[in-house]
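Presented below is the structure to which this report refers.
FYI, it's all coordinate maths here, none of it is from the lab. Here the structure is a predicted model, which is why all the values come from computation and not from measurement. Cβ placement follows ideal geometry from the backbone for every residue including glycine, while neighbour counts extend to all protein chains displayed.
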Amino acid sequence: MAHPQLIEAFQTLSAFGEALSRLPDPGTSLRLEELAGASPALLVGALHRARPERLWVVIAAGPDAAEQAASDLDALLGEGAAVLFPQRESLPYDEGEPHVEIGGLRVEALEALLAGRVAILVTTPRATQELAPAVDGIADLRLELRAAQEIRPSDLTEQLDSMGFERVPTVEEVGQYALRGGILDIFGFGTPEPARVEFWGDEIESIRHFDIFTQRSVRTVDALQILPVDLQPVREPRGSVTGGAADPATAPRRSLLDYLPEYAVLVHLPGCDPDAEWERTWEEVQRLHRAEVGVKRHVEAPDWIFLPPDQARARRDAHPQLRLLSGREPAAGGIPFRTLPPEPIDRDTERLGALVREGFSRGERTMILCDNEGQLERLQELLDEQRAGGAVTLSVGSLSGGFVLSAATPPLRVLTDHEIFRRTRRLRRRRQFRGGAAIESFAAVKPGEYVVHLDHGVGQFKGMEEVRVGDTSFETLVIEYAGGELLRVPVHRIDMIERWVSDGDDAPPPRVHRIGGKEWSRTRSRTRKAIEEMTGELLELYAEREASRGFSFSPDGRWQREMESAFLFEDTPDQRQATEDVKRDMESPRPMDRMVCGDVGYGKTEVAIRAAFKAVQDGKQVAVLVPTTILAEQHLESFSQRLAGFPVRVEALSRFRSAKEQAAVLEGAKAGRVDILIGTHRLLSADVEFRDLGLMVVDEEQRFGVKHKERLKQLRTAVDVLTLTATPIPRTLHFSLLGLRDMTLIQTPPRDRQPIITHVLPWSDTILEDALHRELDRGGQVFFVHNRVETIDTLAQRVQELAPDARVGIAHGQMREKDLEGVMSRFVHGEVDILVATAIIESGLDVPRANTLIVHRADHFGLAQLYQIRGRVGRSHHRAYCYLLIPDDIAEDAEKRLRVLEHHTELGSGYRIALKDLELRGAGNILGSAQSGFVHAVGFDTYMRMLEQTVRRLKEGGIEANHPMTEVSVDGATLIPDEYVSDEAQKLHLYRRLTKVESPDQVDALRRELRDRYGPIPEETETLLATAALRLLGTQLGIERILVRPWETRINFRVGVVPRMAALQSAFADRQFEVEMKRPIPLSLTLHRRSPERITDALLGALSTLIRDRPLAA
């Protein structure tokens, strides 16, 4: 939402008129002073409005300041008004830009600049100093494809390789392409969705956009523009492997400054000193160059990747420049704007009301910008209470800081709600390059992995093999069992196989069973029995709660709505759903027992605060039970901050309180003066009494002991209980337990999370020293993870040598609990700068100031664990950095696994795949330790399948018996050939889906998808699809076997199935079949084909007619 009234007010300043008349010529500069808050961005917006023909290049001190400035300009002028050209986040001698989002923004910005679409460009000194291969014009940066265009697919892939695209089996991320026969999928920059280009020979037949998750086409377009993955020119292919690009060693290189037209005005924001930044960067690059020379044979010279400072200055000084200052310099020649910082409000609404009323009486205008509509409504109510509602303008928008234009006509005061309430401003992410795992990524089973056959047990998957039996050929999965015995499972029975998935990173491999042995049947029976016992217990507890009566809380009132609208962030859909579920439970007469699952930082605590506030308004007390003292302190802070404007008393019982303070709190809880009491298991002690407890919030229940859990079980039937857990839970388990336990999943990450810039590299003192100092210099803190207790002190000493002035702390699980809590508390409160710790930091700790994470020997961690550890940083508005340290001689596949993390700076597809691992542990936590042995024995997927069947049987009292599946045999090949779908994982996924279809319509939908994704369907795949549809129709009609030959078909019905001959004759005659009865009981028919129609199609048509007219059959 633009705010033109602010620009109009700024243009009334006499200083603005003077600045406009004195705009400098190329090679000269002008100083503009006394610009407070977001007024520098307002000045740039006003200059752009007055001189729209000029290009305004805004240079901010660093990446955070650049994002703030671009965000301010968008707020003032409208979305997309400013284009951000970020600096590279890779280290100087890293090859390429691994952070796809940053590479994308740089490419899009340069393309827009060359196309003349940029009016305001925002960047940093370092970004102007970086050199990249020269781009001569817009055609050099853009590859355009059109329908009916002639281009060989092999030439196109060559070009994409030269543009930095990665070839993959399935496109899931920006910067990838996949070629399957005559179909090319590509996900490039400059487009919100991936595209599918279909060829007819060497001609582009069609271009369609497709959905990243379903991989299905959604709409057709006439043309497609593809930008490179990083700044490098697009070259025409000349038949060479490199795509005909110039030799990188001799190709010219340019900086951003080289692309700026001479009429571009450089605007240096307050606090930005390009000369100092260029010198600092140049020193860093030279130092890294010296370090690299010692390790590698060929290293580019520093002036190959960065402009030397004198050259950067020469290019800059060729342009007109404006230097902006927040204060004033003694030297003459500057123009003072006299914009002042706003008066501090410090959450004092009376002070705010008085300020607005007094200003109004003096003829001043006041405008308050609010983050969202809810905030605006809340603030309007507060101002109305202060009799100041009519004296102020409220608007939705966000600026980095308020200011007072005392010299404007009339004077104008601009305030921001985040400053009024002393909160951090959250930036909207400018452009998100979303990826997503195509659903088959989860189903992939690779040769060498363990699988579970429901009849034969655990074996090792060896791969796929084509088998010929008589005139029929089909594909099988080859599984090796004990003693080297091989089992070949036809793909139409793939539904009998599940992946064996462990319940943790370090789980030992399973025992391989013997075909025909008794061990597997015993294991399966024991698992079924254990599942039945657990499910029965849960059902009993559920029935008990259904029968008991609890307190019905009142529907939401005005205070509840006010408190919720003051939430600084936008609720995610999952968070909204969780809030609604919890309130519905609280308002119902039966006691609530709901579990909310979601990662740290996904907003579970906010759901708990809303529930607690709802309970307090009905005169009830709330107990919040947490596993550690640190968490108790963190929750005390969160609850107190959120409920600061309301008459609610929040207290905590913990070791950090003296005995006297604890006694006072206990007395307050007993007398009803304490509304919300937060504490560890101490809250479950006999001496803790509440006057009227209405709600119990339990954080991470699985971390409490058996005794505490028993006490919670007693509470569950008496008061409302809300359980929070940060361990993700598989949706399958969620659905299975639905109706046994009330659960809500929060799986959507919050919007506008900063990406975590991740580097995978060997230990380098130079780089680590830089990383530590960069974080400490901006007032931040560092997590240094080293997972070996024996050597943690030695490593901490080494860290201290790299950062001699830093306060270093050590934390690991073998320390005394009191010492561990002490160091953690000091870190949370900013008294420790670098925390050297084992993986105990994996969950629960929330330290917004800690935004650099270094993981030593990252190759020793599972991917899932690294994701969770990485989640400790990037929890504030600051850019976060993660360094994964690996040895030089690391195995290639281990390094590749870690590179996934480097590539996914945000929660993209890699996260979803790693989530699978995490979910399994989550499942263990929810099911309880008693079940985890069974989960390990049969594999997680098989366990889930058994659990689902048991729940269904117990809830529905048995499942109706269906006919067994019809056996179908068709002459010729029934398979998906390698040349049609070459990737084995995709092929397996398609076979699995085919076994799970439940109707011929679903088979047709799969046929359309295959045609869309892979091109025209080959004959053997058409036969495979027809076989699947025949199997479904035959099963419904009670057919035991269908044998299809080129000109005739044999159909055998099951014993006891007696269809009406008239109906059969009619259905088959319609499709020109001649029917011959071979046997009356059980009925056996031979059909002779009398039409040119493909026999399987004719047969499907006839059987469909029989199903439709089934009342005619017996």
Discussion item. At 222 nm, what value in deg cm²/dmol follows for the chain if DSSP H runs of at least 4 each add -39500 (n - 2.57) and the sum is divided by all its residues, to the nearest 500?
Written reply: -12000 deg cm²/dmol
Item to complete: Give me the distance in nm between label points sitting 7 Å out from Cα along the Cα-to-Cβ direction at Glu998 and Arg488, one decimal.
Response: 3.4
Fill in: Dimensions in Å of region 44-135 - Rg and Dmax from alpha carbons
13.4, 43
Practice prompt. Can you tell me the dipole magnitude for the chain around its Cα centre, using point charges on the Cβ only (Lys, Arg +1; Asp, Glu -1), in Debye to the nearest 20?
Written response: 2960
Fill in: Cβ-based exposure ranking for Lys987, Lys818, in which fewest neighbours within 10 Å come first
Lys818, Lys987
Fill in: Simple spin-label estimate for Asp1097 and Val467 in nanometres, 7 Å along Cα-Cβ
3.1
Worksheet item: Computed over the Cα atoms of region 341-420, what is the ratio Rg over Rh, Rh following Kirkwood?
Response: 0.92
Discussion item. Suppose we take every Cα in region 967-1112 and form the convex hull; what volume per residue is that in Å³?
Written reply: 106
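For Ala547 and Gln641, what does the FRET efficiency come to when R0 = 35 Å and r is the distance between their Cβ atoms, rounded to the nearest 0.05?
The formula returns an efficiency of 0.30 here.
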Discussion item. If each residue of separation counts as 0.36 nm, what is the full-extension length gain between Ala718 and Asp819 once their alpha-carbon separation is subtracted?
Written reply: 32.6 nm
Worksheet item: What's the local net charge at Ala1026, with K and R +1, D and E -1, over the other residues with C-beta under 13 Å away?
Response: -4
Fill in: Whole-Hz couplings from phi, Karplus 6.51/-1.76/1.60, listed for region 812-824; x for Gly and Pro
8, x, 8, 6, 5, 3, 5, 5, 4, 4, x, 5, 4
Worksheet entry | HN-Hα J in Hz across region 402-417 - Karplus 6.51, -1.76, 1.60, θ = phi - 60°, x for Gly and Pro | x, 6, 10, 8, 5, 9, 6, 10, x, x, 10, 10, 10, 10, 10, 5
Worksheet item: Can you sort Thr214, Thr472 by how many other beta carbons sit within 10 Å, fewest first?
Response: Thr214, Thr472
Worksheet entry | For region 150-165, 3J(HN,Hα) per residue [Karplus equation, 6.51 cos²θ - 1.76 cosθ + 1.60, θ = phi - 60°, Hz, x = Gly/Pro] | 9, 7, 6, x, 5, 5, 5, 5, 4, 5, 5, 4, 5, 8, x, 6
Fill in: Cut-off under 5 Å, modelled amide H: who pairs with Ile678 long-range
Val624, Glu651, Ala652, Leu653
Fill in: Virtual spin-label span in nm between Asp25 and Glu661, 7 Å along Cα→Cβ
6.9
Worksheet item: If region 548-726 were replaced by its equivalent ellipsoid, with semi-axes equal to the square roots of 5 times the Cα gyration tensor eigenvalues, what would those be, largest first, whole Å?
Response: 23, 18, 17
Worksheet item: Which one of Ile1081, Thr1049, Thr1035 has its Cα pushed farthest toward the positive end of the charge dipole of region 967-1112, where Lys and Arg give +1 and Asp and Glu give -1 at the Cβ?
Response: Ile1081
Response to the item:
Residues whose modelled amide H sits under 5 Å from the amide H of Glu449, counting only those 5 or more places away in sequence or on another chain, are Phe461
Fill in: R0 of 22 Å, Cβ-Cβ distance Asp971-Gln1036: FRET efficiency to nearest 0.05
0.40
Worksheet item: Efficiency by 1/(1 + (r/R0)^6): what FRET value for Asp136 and Asp275, r their Cβ-Cβ distance, R0 = 30 Å, to the nearest 0.05?
Response: 0.50
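Could you work out the Kirkwood radius for the chain, taking every pair of different alpha carbons, averaging 1/r and inverting it, reported in Å?
Mean inverse Cα-Cα distance, inverted, gives 33.8 Å.
How would you rank Thr579, Thr852, going from fewest to most other Cβ atoms within 10 Å of each one's own Cβ? Provide the component values of the computation, followed by the final result.
On the way: Thr579 20, Thr852 24.
Neighbour counts put them in this order, fewest first: Thr579, Thr852.
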Worksheet item: Amide H of Ile746: which non-local residues (sequence gap of 5 or more, or other chain) have their own amide H closer than 5 Å, using H built in the peptide plane?
Response: Cys597, Gly598
